[in-house]
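Bear in mind that the values in this text are calculations on the coordinates, not laboratory data. Worth saying up front: this structure is predicted, and the values here are computed from it rather than measured. For neighbour counting, all protein chains shown are included, and Cβ atoms are generated from backbone atoms with ideal geometry for every residue, glycine included.
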Amino acid sequence: MIIRAGYELIYDCPAPVGMLLMINVHRSRMADLLSGTEIIYTGGAVPRVYEDRYGNICTRLLAPAGRMVITADFNIADSGLPDPVAWDAVQHEVTDLPDDVLTFLMGSRYCETDRLSDTAWSLFGHVEPGWARVQAIVDFVHNHIRFDYQRARSTRTAWEAYQEREGVCRDFAHLALTFCRCMNIPARYCTGYLGDIGVPLSPDPMDFSGWFEAYLGGRWYTFDARHNTPRIGRVLMAVGRDATDVAISNSFGRAALSGFKVITEEVT
């Protein structure tokens, strides 16, 4: 399968401002690219790229005063297979986990393990460890939260999503991965492209999507608490402890996002 993906981001800056962007595909998907991934910046911005500790490709630049438009349009190969399901994937003892995985057991900005630990154990402590336990968490979160794009809030935490019972894909992911961490299952936040491939078309404008991965059986597996079904055509952009680590843009001064368009579609 070939997927066309890309975006147009428009920023208005009253004065030059430093920015940190995460708008490339993840290192793990670089080999699948079928066309150049040149990112075009208007206004004379000069980007510099580096890789962070999670394998995310990050971009630093000084955005000029006025309007800056950032665009990309590329093709990427995909297996065309849905997210893998492995009911026999085991949960590791904490003492057996690799060193670089331990950070994904800890609480973080949007994932308050301390506030949700007792709740997690009361809800999922009786479920068999491993894939079944993660799936039970996903099932619960999928049914507990009502998706409402109009009710999105950038400051909503996992605890608040649990209490308010509404949110968008990032809230589903934050609550589910927090419950996983409470149950000693490493879990990390993911962002990327997820088009309407193999499912009915959504009337909503295309956006970047948020899901999570859990570490079971010696590898990371994809879980999606919002959709709660294996999906086709995910294109990973970034992973981290939570949405803080994978923000599409961070500006160190005033920079208004005035336009936002995402493309994700199968090439037929």
Taking only Cα atoms and a 10 Å spring cutoff, compute GNM fluctuations for the chain and point out the largest among 235, 168, 85.
85
Ranked highest first by the average count of other Cβ atoms within 10 Å around their residues, in what order do 21-32, 170-181 fall?
170-181, 21-32
If we count every other residue with Cβ under 13 angstrom of residue 14's Cβ, Lys/Arg +1 and Asp/Glu -1, where does the sum land?
+1
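Let me check I've understood the local charge: for residue 45, count other residues with C-beta under 13 angstrom from its C-beta, Lys and Arg +1, Asp and Glu -1. What total comes out?
Working: positive: 48, 60, 67; negative: none.
Net charge in that neighbourhood comes out at +3.
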So what are the ³J(HN,Hα) numbers for the range 33-46, from phi and the Karplus equation (6.51, -1.76, 1.60; θ = phi - 60°), rounded to whole Hz, Gly and Pro as x?
5, 10, 9, x, 10, 4, 9, 9, 10, 8, x, x, 5, 10
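Quick one: dipole size for the chain, taken about the Cα centre, charges +1 on Lys/Arg Cβ and -1 on Asp/Glu Cβ, in debye to the nearest 20. Can you show the working numbers first?
On the way: 25 positive and 33 negative charges, 137 e Å.
Result for the chain is approximately 660 debye, rounded to the nearest 20.
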When the chain is fully extended, how far beyond the present Cα-Cα distance does residue 152 get from residue 81, taking 0.36 nm per residue of separation?
22.5 nm
Among DSSP bridges having both ends in the chain, what percentage is antiparallel? Round to the nearest 5.
95 percent
Residues in the range 241-264 that a label on residue 15 would reach, taking backbone N under 13 Å of a point 7 Å out along Cα→Cβ:
252-255
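Dipole size in debye (nearest 20) for the range 121-268 around its Cα centre, Lys and Arg Cβ +1, Asp and Glu Cβ -1?
That gives a dipole near 340 debye.
Want the number for residue 62 to residue 122: 0.36 nm per residue separation, take away the alpha-carbon distance, what's left? All intermediate terms of the calculation are to be shown ahead of the outcome.
On the way: separation 60, 0.36 × 60 = 21.60 nm, distance 4.88 nm.
So the extension gain works out to 16.7 nm.
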Suppose only helical runs count, i.e. DSSP H with n ≥ 4. What mean residue ellipticity at 222 nm does that imply for the chain under -39500 (n - 2.57) per run, divided by all residues and rounded to the nearest 500 deg cm²/dmol?
-5500 deg cm²/dmol
Using θ = phi - 60° and Karplus 6.51 cos²θ - 1.76 cosθ + 1.60, couplings along the range 150-162 (whole Hz; Gly, Pro as x)
6, 9, 5, 8, 5, 9, 5, 9, 4, 4, 5, 5, 5
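Tell me the relative contact order for the chain as a rounded percent, counting alpha carbon contacts under 8 Å between residues six or more apart.
Values: 592 pairs, mean separation 80.5, N = 268.
Dividing the mean separation by the residue count of the chain yields 30 percent.
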Taking 7 Å along the Cα-to-C-beta vector as the label spot, tell me the residue 106-residue 27 distance in nanometres, rounded to one decimal.
1.9 nm
Rounded to whole Hz, the Karplus (6.51, -1.76, 1.60) HN-Hα couplings of the range 236-252, x for glycine and proline:
6, 10, 7, 10, x, 5, 6, 4, 4, 6, 10, 4, 4, 8, 10, 10, 9
Projecting each Cα onto the charge dipole of the range 115-268 (Lys/Arg +1, Asp/Glu -1 at the beta carbon, about the Cα centre), which of 228, 184, 130 comes out farthest on the positive side?
184
Which value in nm describes the separation of the simple spin-label points at residue 199 and residue 90, placed 7 Å from the Cα toward the beta carbon?
3.3 nm
